[in-house]
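Novice: There's a structure below that I have some questions on.
The values are calculated or read from the model by the stated rules, or taken from the named source; none is laboratory data. Note that the coordinates shown come from a computational prediction; the quantities given were computed from them, not determined experimentally. Note: ideal-geometry Cβ built from the backbone for every residue, glycine included; neighbour counts use all protein chains shown.
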Amino acid sequence: MPFVRVLTPCDRCAVRKTSLCNRVNVGLQKELAKLSHHRTYRNGETVLAEMEATSFVGIVVSGVLRMQKSLEDGRQQLVGLLFQSDFFGRVFGGLSDYAIEAASDVTLCCYERRAFERLTERFPELEHQLMLSTLNELDAARNWMLLLGCQTTPERIASFFLILCRRSGADGWTPGASLSIHVPISRRDVASYLGTTGETISRVIHEMSRKGIIKIRNASDFDVLNKRQLVTMSGRDDLAIRPPTAAHSGSASSF
């Protein structure tokens, strides 16, 4: 009788090939699968509150998370976004320095924090991957500082579109072809993240459309018609679109 392998939920995972799970050995993958469970949150729901003890960590399977910090006067500042395959949560204890909320409907693959920490003790490879993710987060924070401190508003918006292009490119990338992208968060969140206003974003997007850089399909969906011109507009050659690889950073790498 031929051997029939039964597919597990992990085998069907939408981010299996781009998340942390793809960069560890098979034995560790099986251990992670035993610990994992899925959680879903609706747009606007809190995943982890600011200054809350982190009881679980995980990976974004679908949707987008936003990281927000409360200011003394009650205002909230969006300090980061987490996309598909990004790792979230604070491993090795401590309180969450910011709130993590669903910026859209999200599905998360979660691990109980203490059990995950014990796994890092048994598998140094996992701890190594977490270190790489932390370094990628640090790079992302530096890029974000550069974006807010040195770039003009049109350059920031073009950079944001390029990041979405790289994410969308996971489904296939053909030089010279247009690329469809979806902005998975509200215009208000984009404005907060890029340090501008919704009105300015609308004005710049329509100017990009007039120049033939993008085509507006609706408020959240666009076709990038001229990627090279988009790169030029961003002023960031390091964000140039490249063919996708499996070596995704798996961290807060949107910026």
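Novice: For region 72-100, which positions are under 24 Å from Arg42 (Cβ atoms), in a strand (DSSP E or B) and more than 13 Å from the chain's Cα centre (by Cα)?
Specialist: Of everything in region 72-100, those that are under 24 Å from Arg42 (Cβ atoms), in a strand (DSSP E or B) and more than 13 Å from the chain's Cα centre (by Cα) turn out to be Gln76, Gln77, Leu78, Ala99.
Novice: Tell me yes or no: at least one residue of region 92-100 is surrounded by fewer than 19 Cβ atoms within 10 Å (Cβ to Cβ) and either touching a Phe, Trp or Tyr at 6+ places or on another chain (Cβ under 8 Å) or outside the structural domain of Thr40 (by TED's automatic domain parsing) (or both).
Specialist: no
Novice: Still on this structure: Given Arg16, Arg23, Arg90, which one is within 21 Å of Phe116 (Cα to Cα), touching a Cys at 6+ places or on another chain (Cβ under 8 Å) and charged (D, E, K, R)?
Specialist: Only one candidate passes the filter, namely Arg16.
Novice: Now for a separate question. Among residues belonging to region 102-124 that are in contact with a strand residue (DSSP E or B) (Cβ under 7 Å, 6 or more places away or on another chain) and assigned to a helix (DSSP H, G or I), point out the one that is farthest from Val24 (Cα to Cα).
Specialist: This residue is Arg113.
Novice: What are the pairs with Cβ atoms under 7 angstrom where one residue, in region 27-41, is of a type outside the set (Ser, Thr, Tyr) and the other, located anywhere, is at pLDDT below 90? Sequence gap at least six, or different chains.
Specialist: Partner pairs satisfying both residue conditions: Gln29/Cys21; Leu32/Cys21; Ala33/Thr8; Ala33/Cys10.
Novice: I would also like to ask the following. Only one residue in Ala158, Ala103, Ala115, Ala191 is in contact (Cβ under 8 Å) with a residue 24 or more places away in the chain, of a type in the set (Gly, Ala, Ser) and surrounded by fewer than 20 Cβ atoms within 10 Å (Cβ to Cβ). Which one?
Specialist: Ala115
Novice: Another one. Would you point out which residue out of Phe56, Phe88, Phe83 is among the aromatic types (Phe, Trp, Tyr) and out of contact with any helix residue (DSSP H, G or I) (no Cβ under 7 Å at 6 or more places or on another chain)?
Specialist: Phe88
Novice: Please state which of the following conditions Lys69 fails to meet, knowing it meets all the rest: (1) assigned to a strand (DSSP E or B); (2) touching a residue at least 60 places away in the same chain (Cβ under 8 Å); (3) surrounded by fewer than 21 Cβ atoms within 10 Å (Cβ to Cβ).
Specialist: Of (1) assigned to a strand (DSSP E or B); (2) touching a residue at least 60 places away in the same chain (Cβ under 8 Å); (3) surrounded by fewer than 21 Cβ atoms within 10 Å (Cβ to Cβ), only one is false for Lys69: (2).
Novice: Can you tell me which residue within region 228-255, out of those that are under 30 Å from Arg23 (Cα atoms) and in a helix (DSSP H, G or I), is modelled with the lowest pLDDT? If you could, list the steps in order and put the result at the bottom.
Specialist: As a first pass, look at region 228-255 and keep what is under 30 Å from Arg23 (Cα atoms): 231, 236-255.
Subsequent filtering for residues that are in a helix (DSSP H, G or I) retains 231, 237-239.
Details: Val231: 89, Asp237: 70, Asp238: 61, Leu239: 58.
Selected residue: Leu239.
Novice: Turning to a different aspect of this structure: Which ones in region 123-142 are surrounded by fewer than 18 Cβ atoms within 10 Å (Cβ to Cβ) and polar (S, T, N, Q)?
Specialist: Thr134
Novice: Take region 146-180 and flag every residue that is at pLDDT 80 or above and assigned to a loop (DSSP other than H, G, I, E, B).
Specialist: Scanning region 146-180 gives Gln151, Thr152.
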